[in-house]
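Worksheet: one structure, shown below.
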Amino acid sequence: MKLSELKPASGSIGKKKRIARGQGSGHGGTSTRGHKGAKSRSGYKRKRNFEGGQMPLQMRLPKIGFKNPNRVESNPINLGRLQEISEKYNTTEVTLEFLIGNGIVSSSDRVKILAKGELNAAVTVSAHAASANAIKAIEAAGGSFTLVK
């Protein structure tokens, strides 16, 4: 075997398919695109939800749900978290300024106190809202709750 005798395996190299170069090329006329229809046109791109002309699924299904534009989102803080905060910062007064200053909530957040967990420390709490059970638990532990507007 000599270097000049090397050639690729038979059938591995084929002629490049030259489309739209006249009838003699075998790929002229419709240029392998078939006859008429959207797919034969230049710039054709199928739409994302196109189902061949039948009514698409997202149009067959009913609209559901509702987003209330006036909903006020609250940042919840549970009683267990209040206990952790009072122990960590060694404080008996938890106000919005205190929470914002220590990076627990942001200044734009509304704070709501919820009753999950246990509170043993007598803590004075001020927040935008609280559940009835949370207020009872705070007062039972010897603390008080103040509503902030």
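Here, each number is a calculation from the coordinates, and none is a lab measurement. Since we're looking at a predicted model, the values are computed, not measured. Please note: Cβ atoms are built from the backbone with ideal geometry, for glycine as well, and neighbour counts cover all protein chains shown.
Side notes on the structure shown:
- Contact order, relative form, for the chain: 15 percent (alpha carbon pairs under 8 Å, 6 or more residues apart, mean separation divided by residue count).
- Label point distance in nm, residue 46-residue 148, each placed 7 Å from Cα along Cα→Cβ: 5.7 nm
- Stretch in the chain that is longest and holds no chymotrypsin sites (Phe, Trp or Tyr not before Pro) that DSSP places in a loop and that have at most 11 other beta carbons within 10 Å: 67-149
- 0 to 90° range, to nearest 10: angle between helix 79-89 axis and the chain longest Cα axis: 80 degrees
- Distance from the Cα centroid of region 1-21 to that of region 29-93 is 50 Å (rounded to whole angstrom).
- Annotation: lysines with alpha-carbon distance below 18 angstrom to residue 15 (same-chain offsets under eight excluded): 7.
- Listed residues 26, 92, 37: farthest to the positive end of the dipole of the chain (Cβ charges): 26
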